[in-house]
Structures are given as C-alpha cells and as structure tokens.
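What follows draws every value from the coordinates through simple rules; no lab data is involved. For clarity, every value in this text was computed on a predicted model and none was experimentally measured. Note: ideal-geometry Cβ built from the backbone for every residue, glycine included; neighbour counts use all protein chains shown.
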Amino acid sequence: MSDTHLVDAAGPSSTDEFVKGLWRENPVFVQALGMCPVLAVSNTALNALAMGLATLFVLVMSNTVVSLLRRFIPKQVRIATYILVIATFVTIVDYAIQAISLEMYRALGAFISLIVVNCLILGRAESFASKNGVGRSILDGLGMGIGFTVALLALGAVREIFGAGSLFGVQLFHDAFQPWVMMILPSGGFFTLAGWLLLFNWLRARAETLNSAKLADALEATS
Amino acid sequence: MSAAPVTPAAAPVPTAPVPSGIGPIWPMYRAMVGIGVLCGLAIVTVFEATRPVIRRNQAAALERAVFQVLPEAASSVTFGYAGDGFEIADGEDAADGERVWAGYDADGRLVGLAIETSGMGYQDTIRLLYGYAPERDAVVGIRVLESKETPGLGDKIETDPGFLRNFELLDVALAADGASLARSIEVVKPGAKTEPWQIDGITGATISSVAIVDMLRRSTKVWIPRLSRHLDDFAPARAGEAATGASGSEAEDV
C-alpha cells in the first residue's frame, strides 16, 4: 500500500500525461466522451482515421493556446473563450480538408464542424490545459487525441470489415462474401462500440482482480 | 405524497449591488475581444490561403464528371444560358443552374451536352450531372455529384451497375412540336423495364432511385427542348478555341 502512495506523491511524470489518454483514461473506451462522432463517422476505417486526426489536431492546438493564455483569461469568461479558440481551429481544419480532398470532405460532412461541441476537447481545455503548463498540455492533448483516433479506428475497422468486406477500401474477402450492411448503418456502430466496451471492461476487471489477489498475498506474507 | 406547504421563498431575491466578486470588467473585455480578433484573423488567413485550391478541386471534380457522363467526349467547353441562346462562359460568369457543358470528340464534333440538376433525396439534396446526346435523342450517362444517402442502401444510386445501365441510352425524344418530350421518363419495378424511356428502380433504395428519376424528368422537360432549339450555338467552330482537353487536364482518373 505504502509503495503506491509514494509513487502518487511524486506527481505524474510527463510520459504519464501522454500515456494515460491511450489506455487508462482512454476518451472513448473509458471516459465515453464524444460519442456522437464516434458512432457516426466510424463506418469505414478511412473516415474514422480522418475524423480522429482532425480531432487530434484541434485538441492539441486548443490545449496549447488555452494553456498559453491561462493567466490572461479571467475565469468568468473562460468557457466562451475556450469555445472561440476551439471553433477557430475547427474552421481551419474544415478548410484544410476541403483543400486536401473533396471526397473526404463529403464523407465526413457535418461532423467536422461538430468537433466544436465534442465535449472531449472542451473537457481537456477546462480540466487540464487551464491548470497546467504548455508542455504538459501538449502531451495531454497528444495522448487523448491519439487515444481517440485509435478508438475510432478500432470501431471503423471492425465495421468496414463486416459491413463492406474491406479495410481502407481494399477488398479482403472472396466475392462470395455477403456484406453485413447493418454494420455500416448507425445500429452497427452501437453494437461495435458495445463489443469494444465489453472487452475493455472485462480486461480492466481482470486486472483489478489480479491486483487485489497480489495485494492480499503480499499482506499475508508481511503479517 | 402529501402536498407540501407552499413556501414563501418564491419572493424575488433582492438584487445585490454589483458584487465585487465579478471582478474588474476590463480584463474580461480584453480577453474576449483580443482573442476574438486573433481568431478572426486566423480564419480569414486560412480561408484566403485555401480558397484557390478548393476552387480548383471543385472544378476538377466537375470536369471529371462531365467526361464520365459523356463517354465519347475528348474535350469540353462550358456554356451559360442567356435567355435567348447559349454563350461560352468564362469561369464563374454563369449562375450554377444555368450552365451546360458541351463535349466534343477528337475530330471536334459535338457528341453531347452535360446538364446539372438537383432535387431532394432521402436524407438531403442530391446533385446530379447527366449527359444528353442530341444525335441519339437520349441520356447517355449520369453521375451523382453530391449525396448524403444512406450508406449501403440509398447510395446504390451511385454504385449499382444495374441501375446505372438504365442511363446508358435513356430515350428522351422530343414530341413533334419540339417544345416538349414525346414521353415522360418513368420509374418501374426492378426488372420490369420494357421501353427505352423506363428505368428499373432499386430494391432497398426506392426513395433515392425515385428521387433521381424525378429530378431527371423535371430537368429534361425544360432543358432538352431548350437545348435542341439552340443546338447551333454549340457549333464546334465557335467553341474551338475555348476547349479544354480531357487528357491534358486533371480529368484523367483511370
């Protein structure tokens, strides 16, 4: 027991700020934040990747700016200011995607503009970037953003494989494969998300049982 | 549950004089206005920087579509409708709904005209480009420019080969008076097509396929008589200099 307390007292390391978003506090699988784009644009792996990267960019940039300006922004107007900063970066991403590929822009549709109201981004600005330095805030944004992207990809890949028989547009199966259309429709998104959450919760529960068993052993040995 | 006694607390709370807790107003203005101005500048800069690229992407996408709906065309010229005839449109002259694209083959002969139309689909507006070959009195190809139809169901209007085959030679012959179509395009049950002006619908995409046929019927009614009246305006001699080739531009998507 005392050992773990010592580690906590030392404060989280920089790598920890990065890694926590990937696994322990994964925005989708653990915090269940930003479900709207997760369900809507994960119908193919490519859409999921593009949405994830767009969110990652906005998250890192808004974390950086909010952290830089955190002493300059009075707390009464902080939410309005954060939204302003986030909306600016979303607009930039919107134009950038239009310039890179119209096809991609059509596929993502309204969901690019809706990154503004993704609670993950405002959440990180409010609960992390406004209280921490720039370096840590960037790491936090990177970790959370990559965690979000990986989660989206996990959904998008499963849905595309079952729903269209392909991955990143590459046909995987023989012609005889009958695509499971339900998977690329909204209902497929819910089922896939439920499957992943089930897996993650099971993994976590198992890890906790193992930990407490170990702890009990250790306590027995010392007493 | 018993009725709770009415509490007198509903009386208006006396409004306190501006509490010192709100703090000075100036830093708030400074933060909001300052950040607002910076954000505005950033957006304008990015908009200006990306606009030419976005324009070029859209033009290239449209150009590609023109050569898809007019398979025999080797070059194309944009025309605008001016009420009493067609004029070559330079760039953005003509309004979106009043433009047609004339396609010419390698010998400079007019092979067809591409017309844009739009209409309500199942989810949102569908934008469609179709090719009309005057010599054959027929629609020779369609291409969906923009649609948000349900993936896997409604989007079959773009992918279903059986459905698209309906538009390879769809009869739109003019009536004897030249002012209307001899027969209206109509949609029939999948597999029931017997006449060249009929279209097989798609099972599972009924609303989307009917929407395509509806907008095509509406547009051909207006445009086919109008185009055939002014067919001379598209004479190759007039368009010769303005033509853009299919192979020279970014239209190659093989």
Evaluate E = 1/(1 + (r/R0)^6) for A:ALA194 and B:ALA235, where r is the Cβ-Cβ distance and R0 equals 56 Å; express this FRET efficiency to the nearest 0.05.
0.30
Find the centroid of the Cα atoms in the range B:54-81 and in the range A:70-92, then give the distance between the two in whole Å.
43 Å
Determine the equivalent ellipsoid of the range A:66-167 by diagonalising the alpha-carbon gyration tensor, then write out the semi-axes as square roots of 5 times the eigenvalues, largest first, rounded to whole Å.
30, 17, 11
In the range A:101-116, which residues have a backbone nitrogen under 13 Å from the label point lying 7 Å from A:VAL170's Cα in the Cα-to-Cβ direction?
none
Over the Cα atoms of the protein assembly as shown, Rg to Rh with Kirkwood Rh, two decimal places?
1.11
Entries in A:LYS20/B:LYS156; A:LYS131/A:LYS214; B:LYS156/B:LYS221; A:LYS20/B:LYS148 that, when Cα-Cα distance is taken, lie over 32 Å
A:LYS20/B:LYS156; A:LYS131/A:LYS214; A:LYS20/B:LYS148
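Could you check what % of the DSSP bridge pairs in the range B:64-245 are antiparallel, to the nearest 5? Write out the running numbers ahead of the final one.
Details: 34 of 37 bridges.
That works out to approximately 90 percent antiparallel.
Find the relative contact order for chain A and round it to a whole percent, using C-alpha pairs within less than 8 Å whose residues are 6+ positions apart.
Details: 269 pairs, mean separation 71.1, N = 223.
It comes to 32 percent, rounded to a whole number.
Calculated from DSSP H runs of 4 or more alone, at -39500 (n - 2.57) each and per residue, what is the 222 nm mean residue ellipticity of the protein assembly as shown, nearest 500? Please report the intermediate quantities before stating the final value.
Numbers: 14 runs with 233 residues, N = 477.
The helix contribution divided over the protein assembly as shown gives -16500 deg cm²/dmol.
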Evaluate peptide B:50-58: per residue, the Cβ atoms of other protein chains within 10 Å of its Cβ; return the mean as an integer.
4
At a 10 Å Cβ-Cβ cut-off, how would you order B:GLU72, B:GLU149, fewest neighbours first?
B:GLU72, B:GLU149
How are the C-alpha pair distances of the range A:5-94 spread across 10 Å bins, as whole percents from the shortest bin up?
14, 34, 37, 14, 2
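Between Rg and the Kirkwood Rh of chain A, both from Cα atoms, what is the Rg to Rh ratio? Show your work: numbers first, answer last.
Working: Rg = 20.2 Å, Rh = 19.2 Å.
Reported Rg/Rh (Cα atoms, Kirkwood Rh): 1.05.
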Under the span-like rule (Cα at least 30 Å along the axis, Kyte-Doolittle mean at least -1.0), DSSP H helices of chain A:
A:45-68, A:78-100, A:134-164, A:186-222
What range in chain A is the longest one free of trypsin sites (Lys or Arg not before Pro) that are in a loop by DSSP and have at most 12 other Cβ atoms within 10 angstrom?
A:132-223
Under a Cβ-Cβ cut-off of 13 Å, what is the net charge of the residues other than A:VAL134 that fall near it, where Lys and Arg count +1 and Asp and Glu count -1?
+2
Sites B:ALA82 and B:VAL37 - FRET efficiency at Förster radius 56 Å, r taken between beta-carbons, to 0.05
0.80
Computed over the Cα atoms of the range A:142-223, what is the ratio Rg over Rh, Rh following Kirkwood?
1.25
Checked the range A:116-159 with the C-alpha gyration tensor, a ≥ b ≥ c its square-rooted eigenvalues, rounded below a/c of 1.5, otherwise prolate if a/b is larger than b/c and oblate if not; verdict oblate
Alpha carbons only, please: Rg and Dmax for the range B:64-245, in angstrom.
16.0, 47
